[in-house]
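Participant: Structure incoming, see below.
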Amino acid sequence: MILLRPVVDTLLKTYSDVIIWIVTDQKNESLFNHDPRIKFIGVDLNNNILQILRQIKTASNLTYFNGIYDLHNVIRSQFIRFFLKNKTHKIRVYLKERSRKKKIVKKKIKLIPLKHTTERYLDCLKVDFPKISFNNILQSLSIKIRKEKIIGIAPFSAHSSKQWGLENYNHIFEKYNDYKIKIFAFGEQEKILASKKFSQNDQVAIISEKMELKEQIELINKCCVFISMDSANMHLASLTSTPVVSVWGPTHPFLGFGPLFNDHLIVQLNDLQCRPCSVYGKINSNNLDCAKKSMTGITSKMVIDKLELALNN
């Protein structure tokens, strides 16, 4: 849902009379509580669909919607849009092109740049809001904060296949020994790994989940540069004013999940023909070797070269 934030802000800026209702995971509330024209319904995804539907019905009891836009297009959202069909005269559905992405991964069709997920969100809305444009997407989380000598690093990802070896960061620490390093580690296992690998270095501070999302954004905006895997942290950082160096292995930015505004700082092995071997990072047994090569083949120098590019601009 991070990639929905710039779409929402662009829509609000372009159409001053629009009121937007957003139904999503309650954990995302801080992304969408910044404008009074946004009505947020935060649901607990651990609840069953009937509980979620009852919550939506209570929150929107007297409301008739000009349109309902399913920007997820999964079984849960399909239930929700069916449930709300009597509250609107039109329903639009986001086009994922799942089959095309799978064919690329299986090498049935050639790898070409697909539309970015953010642009797909816009396409779903543009039928009714033709003035919005991908070219006008905003860096919604950009905050005017003075940059400090900090390098932010988000070394983890939901799938371990997308993680660059933690030992590689030592070369970066040595190169930028006059910078403070902030490691973003959320979840118990990530904290344990980060602490084991980095806690002996006085240059490094480990950020835990105790930090609110708003505080995370403020910290990222203070950084001179941010390093991330293909992860939610990458998308969050890409909407701030901080340049983002992203490291890609088994997945590929061409499949629609690249870092907005930061394509020039992508680090990946362009000559590894087996890539991409996954859409999101889940690897089957046939692709284990490719996934491993795609990350171990990335050197510290490749990342440092992009860091230099970011810091010298």
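The values are calculated or read from the model by the stated rules, or taken from the named source; none is laboratory data. Just so it is clear, the structure is predicted and the values come from calculations on it, not from any experiment. Reconstructed Cβ throughout: ideal geometry from the backbone, glycine too, with neighbour counts over all protein chains shown. Just so you know, the surface numbers come from the protein's heavy atoms only, side chains and all, with ligands and any DNA or RNA stripped out. Shrake-Rupley method; radii C 1.70, N 1.55, O 1.52, S 1.80 Å.
Participant: Which ones in the stretch 10-48 are open to solvent by less than 60 Å² (accessible area, probe 1.4 Å), more than 16 Å from the chain's Cα centre (by Cα) and either of a type in the set (D, E) or over 22 Å from N73 (Cα atoms) (or both)?
Facilitator: Correct list: L12, T14, Y15, V18, D35, R37, D44.
Participant: Shifting gears a bit: Considering each residue of the stretch 265-288, count those that are open to solvent by less than 90 Å² (accessible area, probe 1.4 Å), not polar (S, T, N, Q) and not in a loop (DSSP other than H, G, I, E, B), and give that number.
Facilitator: 3
Participant: Another question about this same structure. For the stretch 238-264, which residues satisfy the criterion of being surrounded by fewer than 17 Cβ atoms within 10 Å (Cβ to Cβ) and without any contact (Cβ under 8 Å) to a residue 24 or more places away in the chain?
Facilitator: Selection gives D263 alone.
Participant: Test L50 against the criterion of being more than 21 Å from L236 (Cα to Cα) and not β-branched (V, I, T), and give yes or no.
Facilitator: The answer is yes for L50.
Participant: Let me ask something additional. Out of all the residues in the stretch 156-171, which are open to solvent by less than 60 Å² (accessible area, probe 1.4 Å) and assigned to a loop (DSSP other than H, G, I, E, B)?
Facilitator: F156, S157, Q163, W164, G165
Participant: Still on this model: I need the full set of residues from the stretch 208-248 which are basic (K, R) and modelled with pLDDT of 95 or more, in order please.
Facilitator: K222
Participant: Further, regarding this structure: Here's a check for you: in the stretch 103-136, which residue that is closer than 16 Å to L239 by Cβ and within 15 Å of the chain's Cα centre (by Cα) is surrounded by the most Cβ atoms within 10 Å (Cβ to Cβ)?
Facilitator: Filtering the stretch 103-136 for residues that are closer than 16 Å to L239 by Cβ and within 15 Å of the chain's Cα centre (by Cα), the one surrounded by the most Cβ atoms within 10 Å (Cβ to Cβ) comes out as Y121.
Participant: Would the stretch 70-84 turn up any residue that is assigned to a loop (DSSP other than H, G, I, E, B), open to solvent by 70 Å² or more (accessible area, probe 1.4 Å) and under 21 Å from L3 (Cα atoms)?
Facilitator: yes
Participant: Sort through I132, I153 and tell me the only one that's closer than 20 Å to S231 by Cβ and either of a type in the set (A, V, I, L, M, F, W, C) or part of a helix (DSSP H, G or I) (or both).
Facilitator: I153
Participant: While we're looking at this one, here's another question. Can you confirm whether H235 is in contact with a helix residue (DSSP H, G or I) (Cβ under 6 Å, 6 or more places away or on another chain) and open to solvent by 10 Å² or more (accessible area, probe 1.4 Å)?
Facilitator: In short, yes.
Participant: Additional query: Just name the residue that is nearest to L138 (Cα to Cα) out of those in the stretch 236-264 that are part of a strand (DSSP E or B) and out of contact with any Lys or Arg (no Cβ under 8 Å at 6 or more places or on another chain).
Facilitator: Only one residue fits best here, namely V244.
Participant: Which of the residues that make up the stretch 174-192 are surrounded by 17 or more Cβ atoms within 10 Å (Cβ to Cβ) and part of a helix (DSSP H, G or I)?
Facilitator: Of everything in the stretch 174-192, those that are surrounded by 17 or more Cβ atoms within 10 Å (Cβ to Cβ) and part of a helix (DSSP H, G or I) turn out to be E190, K191.
Participant: Can you say whether K96 is of a type outside the set (S, T, N, Q) and either open to solvent by 70 Å² or more (accessible area, probe 1.4 Å) or modelled with pLDDT under 95 (or both), as far as the supplied structure shows?
Facilitator: So K96 fits the description; yes.
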